[in-house]
Protein chains: 2
Amino acid sequence: MARVSIDVMLKDEILDPQGQAIERALPELGFAGVADVRVGKHIELELPDGDDLEERVEAMASDLLANPVIESYTYQVHR
Amino acid sequence: MARVSIDVMLKDEILDPQGQAIERALPELGFAGVADVRVGKHIELELPDGDDLEERVEAMASDLLANPVIESYTYQVHR
């Protein structure tokens, strides 16, 4: 089994209201100067290892985990 | 400015319905053998660099970004 982590983020050109809310809240909590906050999903999973692992992860991410119209994803394989 | 990414995940002992839903959906989409799916938040932000950067990130994560009762976090600093 390989352990894979996938990050799904809204594309840069898509407004991120959750990130904006955090950006507004942080100065009130005493954290100054925080900028460019983006919030996405972090998914961890295990799947059978194999030569086609990257292919399967990419298919999985674009078919189910991310909405390719508004989101992009990156992933890391921990073998 | 330093770029920081923070992953907030439900603790292992907390049920993760979103992860379970993905785990159930994947075999129907042709991805067999996927196990232990966990879904959390991935937050990226920029903040002023400094000696106390780690300290500030940890305070930020435990005060605002994660609920320490049910969630744990990890972070990476990209300087």
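The values are calculated or read from the model by the stated rules, or taken from the named source; none is laboratory data. Keep in mind that what you see is a predicted model, and the values were worked out from it rather than measured. Every residue, glycine as well, gets a Cβ built from its backbone with ideal geometry; the counts of neighbours run over all protein chains shown. Heavy atoms of the whole protein, side chains included, go into the accessibility calculation; ligands, DNA and RNA do not. Shrake-Rupley method; radii C 1.70, N 1.55, O 1.52, S 1.80 Å.
Tabulated values for the structure
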| item | result |
| --- | --- |
| Filter result (of a type outside the set (S, T, N, Q) and surrounded by 12 or more Cβ atoms within 10 Å (Cβ to Cβ)) within the stretch A:50-69 | A:L53, A:E54, A:R56, A:V57, A:E58, A:A59, A:M60, A:A61, A:D63, A:L64, A:L65, A:A66 |
| Filter result for B:P17 (modelled with pLDDT under 95 and more than 10 Å from every other protein chain (Cβ to nearest Cβ)) | no |
| B:D36 being of a type in the set (D, E, K, R), within 11 Å of chain A (Cβ to nearest Cβ), under 18 Å from the mean Cα position of the chain (by Cα) and open to solvent by 60 Å² or more (accessible area, probe 1.4 Å) | yes |
| Residues within the stretch A:10-43 that are part of a helix (DSSP H, G or I), more than 24 Å from B:A21 (Cα to Cα) and of a type outside the set (A, V, I, L, M, F, W, C), tallied | 7 |
| Flag if B:L26 is at pLDDT below 95, in contact with a helix residue (DSSP H, G or I) (Cβ under 7 Å, 6 or more places away or on another chain) and under 18 Å from A:S5 (Cα atoms) | yes |
| In the stretch B:45-68, the residues that are facing chain A (nearest Cβ under 10 Å), modelled with pLDDT of 95 or more and closer than 15 Å to A:Q18 by Cα | B:L45, B:L65 |
| Test result for A:P17, open to solvent by 40 Å² or more (accessible area, probe 1.4 Å), within 22 Å of B:G30 (Cα to Cα) and of a type outside the set (D, E, K, R) | no |
